[in-house]
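The values are calculated or read from the model by the stated rules, or taken from the named source; none is laboratory data. Only a predicted model underlies this, so the values are computations on that prediction, with no experimental measurement involved. Every residue, glycine among them, receives a Cβ derived from its backbone with ideal geometry; neighbour counts consider all protein chains shown.
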Amino acid sequence: MKVDLCINGATCSADIEPRKTLLDALRENFLLNGTHAGCEHGVCGACTVLVDGEPVRSCLMFAVQADGYEITTIEGLAPAPGELSVLQDAFCETHGLQCGYCTPGMILAAHALLQHTVTPTRDDIVEAISGNICRCTGYGQIIEAVEFAAARLRIANTPRPHHGAHHPVDAGHDAPAEGVLEAAEADEPVVEAK
Amino acid sequence: MKPAPFDYVRPGSLAEACALLAGDEDARVIAGGQTLVPMLAMRLARPARLVDILRLPELAGISERPGAIVVGATTRQAQAERDPLIAAAVPMLARVLPWVGHPPTRNRGTIGGSIANADPSAEIPLVAVTLGAEIMLASSGGTKSVPADDFLIGPMLTTIGEGDCVSAIRFPVWPQRRIGVGFFEISARRSDFAFAAAAAQVALDDRDLCSDIALGVDGVGDRPLRLDVSSLIGTELDAASVQEAVHAASAELDAMSDLHASAAYRRRVAIALCVRALQQARADAAAKSTAGAS
């Protein structure tokens with residue numbers, strides 16, 4: 001079945017069997033191996049990607065179901081080749097990873113949290129990564145990493161999405177994420193979300 | 001952990017979906033897929049065809065009707081969790097949704113999917129049974145609605161007919177102004193399958209007397225059960241009356257034993273959680289102002 005997906009801002013097409021999960025398509029068809037395959041039945045969270053800005057498990061979604069959404073994988077977070085996002089950097093600084101298997105999923109889950117919560121509480125962070133299993137760190141340093149990234153983002157002179165701005169009630173569940181400014185828009189005055 | 005091959009179709013309308021389902025006994029509905037896809041991956045389910053209803057416009061959205069809130073079957077759990085209409089009118093549903101799975105599964109999982117899946121420890125079916133919701137079904141022959149208590153008949157078992165598709169859930173809205181809800185569950189880890197859960201909703205009049213009450217338990221037997229505690233109507237919901245009513249109502253409660261918890265433990269926990277849920281619901285309602293509009 002021919003499938004057109006929008007992955008990290010680029011349109012990618014492939015002929016994909018209906019039974020192939022989005023996870024396997026990302027890794028095998030599009031060679032985006034940063035999305036890790038763990039349990040393959042929706043328990044571990046290693047395969048987490050963002051669909052329209054919200055974390056979902058890519059092993060619980062077929063690639064043929066994923067057209068029309070904005071899909072973001074771990075490869076789509078860095079601002080430029082060779083650089084790290086603030087959150088990725090925070091994971092390095094606080095030793096938020098050891099073997100690294102869960103890390104892409106952890107970072108994407110936490111990234112989605114920081115997109116709509118400027119000052120997350122510890123409980124918010126725990127809830128956001130509650131669907132992701134880590135067998136090395138004991139989670140302490142991961143929570144620390146997210147707190148550290150949140151603090152850095154607060155003091156950074158960059159526009160932040162408004163709280164809840166990407167959760168428009170009336171736009172329906174398939175509405176694209178709103179309120180997330182592109183880098184090019186950063187110099188423009190911030191416009192209040194509708 | 002790879003599903004067996006199947007055909008995938010995404011009909012453009014509910015009528016088309018119903019026609020596809022009516023003519024094919026090996027077809028299964030897929031919406032959020034958060035339970036079905038693991039079943040496919042483990043090959044516990046091997047449908048020949050998946051009919052994807054997730055993007056059907058007829059099944060999406062949350063709307064207000066006289067005396068009820070109608071939640072479209074494909075409404076995502078995460079969307080319902082944030083919905084102001086549900087928070088105001090069906091507070092019990094808003095209360096339990098954070099306990100349904102994890103944020104990533106709630107972003108894909110649907111309200112209708114949880115009802116159709118009929119897991120005996122799932123929170124959304126518990127709310128549907130406790131409040132007396134109606135399950136609205138579409139088929140090529142037309143639409144009908146079935147009370148949640150008649151729809152959910154056992155573990156992963158419903159009365160849904162071949163060719164039927166859950167189209168919406170109609171949650172009744174209580175007319176009283178001072179309504180409170182309570183919810184507790186016990187599981188090995190938060191968001192794991194509950195060993196026992198209890199949900200309560202009470203309405204208080206201006207003198208703090210109970211004017212309506214609903215109580216349900218989940219995870220204890222093979223399906224969610226509503227307990228009859230109507231003897232508490234007209235009381236102040238004091239601790240002694242609540243204890244007595246819960247014990248009387250749960251006298252016939254059948255509990256199941258499994259690897260995780262014994263029947264005796266489940267019963268004991270269910271009774272304790274019922275009492276706590278009622279107390280929490282009472283406190284929640286009592287905190288609401290007795291004066292005119294708040």
Self-check item: Within the stretch A:124-154, considering residues that are within 11 Å of chain B (Cβ to nearest Cβ) and part of a helix (DSSP H, G or I), the one farthest from A:LEU26 (Cα to Cα)
Solution: A:ASP124
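For the stretch B:1-77, list the strands (runs of 3 or more DSSP E) that sit wholly inside it and hold at least 1 residues that are within 14 Å of chain A (Cβ to nearest Cβ) and either among the aromatic types (Phe, Trp, Tyr) or more than 27 Å from B:ALA89 (Cα to Cα) (or both); which are they?
In the stretch B:1-77, B:7-9, B:27-30, B:49-52 are the strands (runs of 3 or more DSSP E) which contain 1 or more residues that are within 14 Å of chain A (Cβ to nearest Cβ) and either among the aromatic types (Phe, Trp, Tyr) or more than 27 Å from B:ALA89 (Cα to Cα) (or both).
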Quiz item: Any residue at all in the stretch A:102-122 that is within 14 Å of another protein chain (Cβ to nearest Cβ), in contact with a His (Cβ under 6 Å, 6 or more places away or on another chain), on the phi < 0 side of the Ramachandran plot and free of Cβ contacts under 8 Å to residues at least 40 places away in the same chain?
Solution: no
Quiz item: Could you say whether any residue in the stretch A:72-87 is surrounded by 19 or more Cβ atoms within 10 Å (Cβ to Cβ), touching a Phe, Trp or Tyr at 6+ places or on another chain (Cβ under 8 Å) and either in contact (Cβ under 8 Å) with a residue 40 or more places away in the chain or assigned by TED's automatic domain parsing to the domain that holds A:THR137 (or both)?
Solution: no
Practice problem: Have a look at B:LEU97, B:LEU85, B:LEU157 and point out the one that is within 14 Å of another protein chain (Cβ to nearest Cβ), farther than 18 Å from B:ILE53 by Cα and surrounded by fewer than 20 Cβ atoms within 10 Å (Cβ to Cβ). | Solution: B:LEU85
Quiz item: Any idea how many residues of the stretch A:11-68 are free of Cβ contacts under 8 Å to residues at least 40 places away in the same chain and among the basic types (Lys, Arg)?
Solution: 1
Self-check item: Cβ pairs under 9 Å, 6+ apart, first in the stretch B:195-213 and of a type in the set (Ser, Thr, Tyr), second assigned to a loop (DSSP other than H, G, I, E, B)
Solution: B:SER211/B:GLN176; B:SER211/B:ARG178; B:SER211/B:ASP205; B:SER211/B:ILE233; B:SER211/B:GLY234
Quiz item: If we scan the stretch A:87-109, do we find a residue that is under 24 Å from B:ARG189 (Cβ atoms), modelled with pLDDT under 95 and within 16 Å of the chain's Cα centre (by Cα)?
Solution: no
Quiz item: Hey, B:GLY221 hits all of (1) farther than 19 Å from B:ALA287 by Cβ; (2) modelled with pLDDT of 95 or more but one; which does it fall short on?
Solution: (2)
Self-check item: Unmet requirement for A:HIS111, which otherwise passes all of (1) assigned by TED's automatic domain parsing to the domain that holds A:GLU40; (2) touching a helix residue (DSSP H, G or I) at 6+ places or on another chain (Cβ under 8 Å); (3) not hydrophobic (A, V, I, L, M, F, W, C)
Solution: (1)
Quiz item: When you scan the stretch A:1-100 for strands (runs of 3 or more DSSP E) that lie fully inside it, which ones turn up with 2 or more residues that are more than 10 Å from every other protein chain (Cβ to nearest Cβ)?
Solution: A:2-7, A:10-15, A:70-72
Quiz item: Which condition does B:SER121 not pass, out of (1) modelled with pLDDT of 95 or more; (2) surrounded by fewer than 22 Cβ atoms within 10 Å (Cβ to Cβ), if it passes all the others?
Solution: (1)
